[in-house]
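Some notes on the structure that comes next.
The values are calculated or read from the model by the stated rules, or taken from the named source; none is laboratory data. Note that the structure is a prediction, hence the values are computed from the model and not measured. Every residue, glycine among them, receives a Cβ derived from its backbone with ideal geometry; neighbour counts consider all protein chains shown.
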C-alpha cells in the first residue's frame, strides 16, 4: 500500500479508516487466540464409536445436573459414554446409560454409576433439537463429555444410524485419501 504524505483532510480521513481497519484486523486475531485459550475446555470422555456407527446431522452443547461425587469422579477423568443416549421424558431431556464410576473417597454419599442424568436445555432448544429426534426417528447420542469454564458439559448429537454400505463407502474413501497422500509424499 502506497502512502502519500501530501493529502487533504478528506484523503486523510480515508487513510485513517484504512489504517484503522488494518489495525482492527490485526487486533482481532489476537483476541481470537486469547478467547481460545480462555475457553478452558478439558475433555473427560469422547464417544468415538458414535461417529463410526452414526451420521451426525447436528450437535448441541448441554449442561448436566450432577451430584458432588460425580463431579469429583469426572475430574479424575473416569467416565464412559458408550451405550448411552438421550431420551425425552415429560418435556425434559435425560442422559441415559452414561457410566460415571463411584468416587472412592465419597463413601456413604456416593452416587449410582449408571443413573439417568438431566440435561440442561432451554425450552426452545428442546422443541427444536430433541423433538426433531423424536418425530423423525433420529437418535440423541452424547459425543463428548467435558469441562468448560469449570462446568460439566455434554455435546449431544442428533444422529441417524449408518447402514453397512455407508461404513464400507466411508472406509473406501479413507483408503483412497491415504493412498493419494502417500503417493504425493513419494513425489517429493
Flag if residue 61 is over 16 Å from residue 139 (Cβ atoms), in contact (Cβ under 8 Å) with a residue 12 or more places away in the chain and surrounded by fewer than 17 Cβ atoms within 10 Å (Cβ to Cβ): yes
Condition check: modelled with pLDDT of 85 or more, part of a helix (DSSP H, G or I) and surrounded by fewer than 16 Cβ atoms within 10 Å (Cβ to Cβ). Does residue 183 satisfy that? yes
Starting from residues that are under 30 Å from residue 139 (Cα atoms) and at pLDDT below 85, keep the ones in the stretch 23-48 and report whichever is nearest to the chain's Cα centre (by Cα). 41
Output the residues belonging to the stretch 122-131 that are surrounded by fewer than 20 Cβ atoms within 10 Å (Cβ to Cβ) and in contact (Cβ under 8 Å) with a residue 60 or more places away in the chain. 125
Any idea which residue in the stretch 132-161 is nearest to residue 78 (Cα to Cα), counting only those that are without any contact (Cβ under 8 Å) to a residue 12 or more places away in the chain and touching a strand residue (DSSP E or B) at 6+ places or on another chain (Cβ under 9 Å)? 137
Kindly indicate which of 114, 118 is free of Cβ contacts under 8 Å to residues at least 40 places away in the same chain, touching a strand residue (DSSP E or B) at 6+ places or on another chain (Cβ under 8 Å) and surrounded by fewer than 17 Cβ atoms within 10 Å (Cβ to Cβ). 114
Among (1) within 20 Å of the chain's Cα centre (by Cα); (2) loosely packed, with under 15 Cβ neighbours inside 10 Å; (3) farther than 19 Å from residue 74 by Cβ, residue 175 falls short only on (1)
Search result, residues across the stretch 64-98 that are exposed (fewer than 14 other Cβ atoms within 10 Å of the Cβ), within 24 Å of residue 162 (Cα to Cα) and free of Cβ contacts under 8 Å to residues at least 24 places away in the same chain: 83
One residue from 167, 172 being in contact with a helix residue (DSSP H, G or I) (Cβ under 8 Å, 6 or more places away or on another chain), in a helix (DSSP H, G or I) and either modelled with pLDDT of 85 or more or within 24 Å of residue 55 (Cα to Cα) (or both): 167
Starting from residues that are under 21 Å from residue 44 (Cα atoms) and exposed (fewer than 12 other Cβ atoms within 10 Å of the Cβ), keep the ones in the stretch 137-164 and report whichever is modelled with the highest pLDDT. 149
